[in-house]
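To start, the structure under review is shown below, and the notes come after it.
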């Protein structure tokens, strides 16, 4: 009995010990959890530092690229700190969604922001001394990291930061749907190579949109999420690893039922098939236009418009504006192609011409002092000069540095060349390239459809289209003088003596008596205005200037939208004024627009990141001529194309539809121009050297019909060949009352048509 009692007492003691140990175990087990819950609670109420408030979570601060759209809904380019444009969930390929879930967060639709399995895996990693070994953060936690980046920190700081991310993740899950969280994640992720967000990534890596990504393409992008630097498909050394990672993603899709094994086996052998299209402000369509839009238009617009979200002026690089332009991507492409094709052949011809000059690329009659002045001026405008001057280096030392050969990459017609040149020689080399500016616009709307400011934006930044890029316009100014005559009652068939005309220039000053450009002394016979303009006869233009006076011409040109200050002197009738391509095309469009000048514009509206219209733009307009007078001018200018200085539009480029135009060539062939008008589209082109002393010695090559007209001809050939562009080949609008005006001058011109030889009878491009 005593033994049994002793045994029972011993058993009771053992049970007490077990119970005690159980309590200790429970305490040990629950204490970390309770501590974790306590710390978690304290973290959520900002005891360990502020957390983002609800408003910040609902509107996370992020940099959105401003996107520039063409009139046919193509992206022309972007301005950004981060090249990111947000998409909606409906814009995502289901392949992208499924691949991301299968690879990064298989329980995405089951957890509430923090996956407990992943949590304990992270704790285990911390205990073992590796913060990364735990892994397994949910997509929501990864989004929290991206929205609120993590800096370098100690393990202790890391623990509290991790807790903050969990709190943020739970709040995100409470505020947003799963679809919204996934969309935010894909919009925020940096895929490298200027591809921030899935829209940019799809465009840059595969030249497509997120909704059109193929399964293997989506898998590659998801694979990059593990480590975009390690799995960078553009790096040749990482291409194989990137492909293997892509296949891992697809294998995960098999594991979770998003992809069949058979389909996986067929896809895993497919190469990456990148269509890499890096976005660079020097690359892509319309680089000169986009730069002008940014620096001249948007900078000013942003300064005068306040973003209500920040109460600060809009930021073109961060606020995700949407700029809708008038540029047609197809016409822009054709304009750039036309410039490339013609300027390459023209440059080759110019190089041959330069070899004949000892002063090349400067004209043979430019002396050494003039060349030195040009070179010194160019040196002082260079970045090398500015940076060395800022560094306190003397001018003598700077000049010496321009004579020291260095390695450099220079532009050529056939691609960039690595070479060794002195900076001085490189300046001279770059001056040997002819430049150009081409613009096309709709005369009825004022919408600019194509804008090419030069031959290569990477190497030649100066834009030769914009209103500040003024060059002497030559004979392309003459239609304005003729328009004044038509407005005052003249007709295309009016006869004017083809004789030298002198105009008084003021008391004590010699009379101004211009000669014809071909050196002819005139015939003494009467010729029609139509024939005189077609053959660019200076004598007749001077006679009209004497009749109406310089001030009347200047006043008319102002009404045609030319804001450049023009001195009212007789010589302007022959084109001595400097005017921009932009202004010249706008002015000539008045004739095609039934006499109404309309301001050339390039932006139709601006929206904020949410699509709210911030401003719409309507061009200014003014009636300058009656419809009848405008029609007379189009008929008058058609003579230039039908049998005058612009006739190669017909003979070489086979454009047979109604076209009005005017060529222009300045002294010494320094500037070549062509203005061409159709009812639906007006285009203008200038070609010349950066310096006026850089030019062809021969008028055959250096005239406007040889230098500028071919770009216009090639452009319109391409435009008319594209049936998706709705541009007619119809005639100019003819008002009903035109029966009162004599337009058929053939009976007068027959008597004098043999007097003139076509200015471009020897076409250097036909040799």
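Nothing in this text is a laboratory measurement; each read-out follows from the coordinates by a stated rule. From a predicted model like this one, the values you see are computed outputs, not experimental measurements. Note that each Cβ is placed from the backbone with ideal geometry, even for glycine, and that neighbours are counted across all protein chains shown.
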Can you give the log10 of the normalised intensity I(q)/I(0) at q = 0.12, 0.25, 0.27 Å⁻¹, computed with Debye over equal Cα scatterers of the stretch 441-497? -0.54, -1.08, -1.11
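Compute the Cα gyration tensor for the stretch 390-549, then decide on rounded, prolate or oblate, letting a ≥ b ≥ c be the square roots of its eigenvalues: rounded whenever a/c is under 1.5, prolate when a/b is larger than b/c in the other cases, and oblate in all that remain.
Prolate, since a/c reaches 1.5 and a/b exceeds b/c.
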Hey, how many Å between the Cα centroid of the stretch 354-371 and the Cα centroid of the stretch 636-656? 34 Å
If packing is taken as the average count of other Cβ atoms within 10 Å, what order do 672-678, 326-332, 427-433 fall into, highest mean first? 672-678, 326-332, 427-433
At what distance in angstrom do the alpha carbon centres of the stretch 437-456 and the stretch 657-717 lie from each other? 15 Å
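Under the classification rounded if a/c is under 1.5, otherwise prolate if a/b is larger than b/c and oblate if not, where does the stretch 552-669 fall, given a ≥ b ≥ c as square roots of the Cα gyration tensor eigenvalues?
prolate
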For a protection proxy built on the mean count of beta-carbon atoms within 10 angstrom, sort 538-544, 70-76 highest first, please. 538-544, 70-76
Based solely on C-alpha atoms, express the radius of gyration and the Dmax of the stretch 649-702 in angstrom. 13.2, 37
Could you tell me the distance between the Cα centroids of the stretch 491-509 and the stretch 566-620, to the nearest Å? 31 Å
Can you tell me how the stretch 196-339 classifies by the Cα gyration tensor, rounded, prolate or oblate, using a/c under 1.5 as the rounded cut? prolate
Rank by packing, highest mean first: peptides 549-558, 367-376, with packing defined as the count of other Cβ atoms within 10 Å averaged across residues. 549-558, 367-376
